[in-house]
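First up is the structure itself, then whatever we jot down about it.
The values are calculated or read from the model by the stated rules, or taken from the named source; none is laboratory data. Only a predicted model underlies this, so the values are computations on that prediction, with no experimental measurement involved. Note: ideal-geometry Cβ built from the backbone for every residue, glycine included; neighbour counts use all protein chains shown. Surface accessibility is based on the protein's heavy atoms, side chains included, excluding ligands, DNA and RNA. Shrake-Rupley method; radii C 1.70, N 1.55, O 1.52, S 1.80 Å.
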Amino acid sequence: MARGGQGLARVAVVVRAGAAPMWWLGVLAAGIGVLVPGVTGRRIGVLAGAALFLVGAAAVALARRKRYAALARGAVRAGKYDVLQDRAVTVRGWRRGHRWWLLAAFLGALGVSLALPAAGGMLLAGLGTGLRLKAAWLGRRERAGGTLLWVRVDWLDRRGGSPAGKAVKGLRATGIAAGDAAPGGARRRPAALV
């Protein structure tokens, strides 16, 4: 980068990148799993799946919050020559880096359906929901602080994830209007025409 600038990715976008594929693969696996009676029967499988959905969503949403909060408090202003990565590039990098993990998780969820119909798929969907909830929590912090949180791309893991991992030594902050993603990592809606 010119003059010491760094490539920066939005923290909330990295967190949110896996939410949609995990949700939809989980829904698909649960739908296929319901068709198989399994060892326990559909009713028990769906009830177990509902419990796993709630536990998975809560565990992912609450995991490492203290680390994220500490990094957010210590965020420094992004430099003039830092390059803000587009939302689509960040999402594509995460999904490409995790494609085999997603496939394995989907196949595992289908395998669980042989014993507990729909349970594995509902757990996978719950993990996706937890990621979305965590991104929403980050979005509320960003709105409250009036800043967007960014992480250096070279500090992400080799799959494009872990925005609060051990390699991350600090975050950067920009104004709320920077980049093409809204607080929380969603696509920025274009201003309404007047």
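Treating only the Cβ atoms of Lys and Arg (+1) and Asp and Glu (-1) as charged, compute the dipole magnitude of the stretch 93-159 about its Cα centre; round to the nearest 20 debye.
Once rounded to the nearest 20, the dipole reads 220 debye.
I'd like to know which of ALA50, TRP23, TRP94 lies farthest towards the positive end of the charge dipole of the chain, counting +1 on Cβ of Lys and Arg and -1 on Cβ of Asp and Glu.
It is TRP94, whose Cα lies furthest towards the positive end.
What's the Kirkwood radius of the stretch 97-146 in Å, using all Cα pairs?
In the stretch 97-146 this quantity evaluates to 12.5 Å.
So if I place +1 on the C-beta of Lys and Arg and -1 on the C-beta of Asp and Glu, and nothing else carries charge, what would the dipole magnitude of the stretch 19-84 be about its Cα centre? I want it in debye, nearest 20.
Result for the stretch 19-84 is approximately 380 debye, rounded to the nearest 20.
Roughly what angle does helix 119-145 make with the longest principal axis of the chain, taking Cα atoms, 0 to 90 degrees, to the nearest 10?
Value to nearest ten degrees: 20.
For LYS134, go through the lysines and keep the ones whose alpha-carbon is under 18 Å away, minus same-chain ones fewer than eight residues off.
Correct list for LYS134: LYS66.
If I compute solvent accessible area with a 1.4 Å probe over the protein chains, what percent of it on the stretch 109-194 is carbon and sulfur?
Ligands and nucleic acids excluded, carbon and sulfur reach 62 percent.
Magnitude of the Cβ-charge dipole of the chain, K/R +1 and D/E -1, about the Cα centre, nearest 20 debye?
600 debye
Check each of the chymotrypsin sites (Phe, Trp or Tyr not before Pro) in the stretch 64-125 and keep only those in coil by DSSP with at most 11 other C-beta atoms within 10 angstrom; list them in order. Before the final figure, lay out each step's value.
Numbers: sites: TYR68, TYR81, TRP94, TRP100, TRP101, PHE106; in loops: TYR81.
Listed in order of number, the matching sites are TYR81.
Where does helix 19-34 land angle-wise versus the long Cα axis of the chain, in degrees 0 to 90, nearest 10?
The helix 19-34 is inclined about 0 degrees to the chain.
Per residue, how much accessible area does the chain have with a 1.4 Å probe, in Å²?
On a per-residue basis, 54 Å².
With viscosity set to 0.890 mPa s at 25 °C, what whole-number translational diffusion coefficient in µm²/s follows for the stretch 124-194 from Stokes-Einstein and a Kirkwood radius over Cα pairs?
The diffusion coefficient I find is 181 µm²/s.
In the stretch 25-79, what percent of the accessible surface is made up of carbon and sulfur (1.4 Å probe, ligands and nucleic acids excluded)?
Summing carbon and sulfur atoms, their accessible area is 73 percent of the total for the stretch 25-79.
Identify the trypsin sites (Lys or Arg not before Pro) of the stretch 14-123 meeting these criteria: DSSP loop state and at most 12 other C-beta atoms within 10 Å of the C-beta. Display every interim value, and only then the final one.
On the way: sites: ARG16, ARG42, ARG43, ARG64, ARG65, LYS66, ARG67, ARG73, ARG77, LYS80, ARG87, ARG92, ARG95, ARG96, ARG99; in loops: ARG64, LYS80.
The qualifying sites are LYS80.
Suppose only helical runs count, i.e. DSSP H with n ≥ 4. What mean residue ellipticity at 222 nm does that imply for the chain under -39500 (n - 2.57) per run, divided by all residues and rounded to the nearest 500 deg cm²/dmol?
So the helix-based figure for the chain works out to -17500 deg cm²/dmol.
Could you work out the mean projected area of the convex hull around the alpha carbons of the chain, in square nanometres to one decimal?
If you wrap the Cα atoms of the chain in a convex hull and average its projections, you get 12.7 nm².
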